[in-house]
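Asker: Got a structure for you, questions after.
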Amino acid sequence: MFRSLRFRLPALFLAAIVLAGLVSTAVAVSVSQHYAQNRLRNQAYRELDRETGGINKIYTTNAGLKPPKSYELEQASGDQVFVVPRAKGIDVYPGPTPAFTLLPKGILDFRRILAGQTVQFEFTRRTARRSTRMLAVARPVKLGGELFGAIVLARPKTRLNQSVLPLVWRLLPAFFAGILVAGALGWYLSRRITKPVLALSEAADEVAAGRYGVAVSEVPGGGEISHLSTRFRDMASQLEQAEALERNFLMTVSHELRTPLTAIRGHVDALLEGVVEDEETRMHSLEVISLEAKRLERLVGDILDLAKLDTHRFALRREEVEMERLVDRAYSGFNEEARRRGIDYGRTIAAAPVLETDGDRVLQIISNLLSNAFRWTPDGGRVGVALTQIDGTIRVAVEDNGPGIPAEEQEWIFRPFWSRDGEGTGLGLAIAGELAAALGGQIELETAPGEGSRFELVLPVR
């Protein structure tokens, strides 16, 4: 479960949200705390200033009389009261001990006190047990126009931090609510993402088991997952087609091999058993055996050629080839079939170039194109061969008036093992196309249903 994308994706999403929430909350608390502390410090100074004025009034009113108890003033204000004398020995409330806790002049800017100003400052009060940072306000104390010192009202700075805690407690529920919302959103988004991915995973298992007809549903949105789903569906379709082509190829090759082997075996058995007695019949049997053996040799040669081309282990020779003579050789190889079937068979030589290439392979390409043309041309039809040289290319065109090729089949005819009518090996055009590419050229096709086809081998002059 924990290794599943269905768990990891929402967990990762939620972890990222939690981390982002923690960071943003920490930043918010820090900023809010800084802002709140500044606001609370100013508020504290205002309160201390107001309270200092009241205590100062009490202090000056009772000068020379019984001093007020400092702890009572501190209880009334909630803050601590101090006195900063102007000089040692000056005390409004003379007695055996000071009436208030005394602070040294150096703890604040006493020049401002002398100038009659109120002073806001911070200081650290140290006792035997601890040290406390204090916020304080000092006001000058005057009696009869004479400055005696300053009255100081202070409160611990930690009270400001305690005032920030409610803000933190308010942020925590919002933080956890955000986590819940983010978790629900992460779960929903992860379901939307992982559902098609899991479907593709199950489909991949089906394909790995050899079941290529698996259905892969379309993923809306046009994103990466949608593209992956489309490409996977295309891949499965192509694998299914490849499997069908392979089955068709095995059936076709089995048939193509069995037919000549049956003929060879029949004639060999007749010769061995002495059924054939006269010399003419014996020679006919030997000719049939020779022809069928050559047929087998061509079939095996085609399969080997295609395998070599697919694995790029095909060697080409370089020699000077007279293209006119090569076209004549390919053309003459089908004269007898054209005569027997009444096909209008002609050739056109518009150029006589000499090309440095592999002549045997060029001859094989032209022969395969002619073989395909005669296969689809009806008796009494027309087949033509033309040799031309145009714009630095040598072109050999094979044209027929057969049934033509529909547009949806044109991309298939150069694929191995594919045949329009399910007969033949489907290797002729596939080998021709691969050989043309190996020679640096290509085969162009012009065709239309009912109007015949024109296959043109295009080779560069250099």
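The values are calculated or read from the model by the stated rules, or taken from the named source; none is laboratory data. A quick note: this is a predicted structure, and the numbers were derived from the prediction, not measured. As a convention, Cβ positions derive from the backbone with ideal geometry for all residues, glycine included, and neighbour counts pool all protein chains shown. The accessibility values were calculated without ligands, DNA or RNA, using every heavy atom of the protein model including side chains. Shrake-Rupley method; radii C 1.70, N 1.55, O 1.52, S 1.80 Å.
Asker: Full extension from GLU206 to ALA128: what is 0.36 nm times the residue separation minus their Cα-Cα distance, to one decimal in nm?
Answerer: 20.0 nm
Asker: Contour minus end-to-end for ALA351 and VAL275, with contour as 0.36 nm per residue of separation and end-to-end as the Cα-Cα distance?
Answerer: Taking ALA351 through VAL275 to full extension adds about 21.9 nm, to one decimal.
Asker: I'd like the Karplus ³J(HN,Hα) series for the stretch 121-128: coefficients 6.51, -1.76, 1.60, θ = phi - 60°, whole numbers in Hz, and an x wherever there's a Gly or Pro.
Answerer: So the Karplus estimates, Gly and Pro as x, are 7, 10, 8, 10, 9, 10, 10, 5 Hz.
Asker: Considering the stretch 319-462, what Rg and Dmax in Å follow from its alpha-carbon atoms?
Answerer: According to the Cα coordinates of the stretch 319-462, Rg and Dmax are 14.5, 40 Å.
Asker: Still on this structure, I have one more. Over the stretch 329-462, with the other protein chains present, what is the accessible area per residue in square angstrom, probe 1.4 angstrom?
Answerer: Per residue, the stretch 329-462 has 46 Å² of solvent-accessible surface.
Asker: With a 1.4 Å probe and all protein chains left in place, how much accessible area per residue does the stretch 264-305 have, in Å²?
Answerer: 72
Asker: Let me ask something else about it. Could you grab the relative contact order for the stretch 271-404? Cα pairs under 8 Å, six or more apart, rounded to a whole percent.
Answerer: 21
Asker: Using unit Cβ charges (K, R positive; D, E negative) and no other charged atoms, how large, in debye to the nearest 20, is the dipole of the stretch 389-462 about its Cα centre?
Answerer: 320
Asker: Same structure again: Once amide H atoms are built 1.01 Å from N in the peptide plane, which residues 5 or more positions from ILE394, or in another chain, come under 5 Å H to H?
Answerer: Under 5 Å from the amide H of ILE394: LEU459, VAL461.
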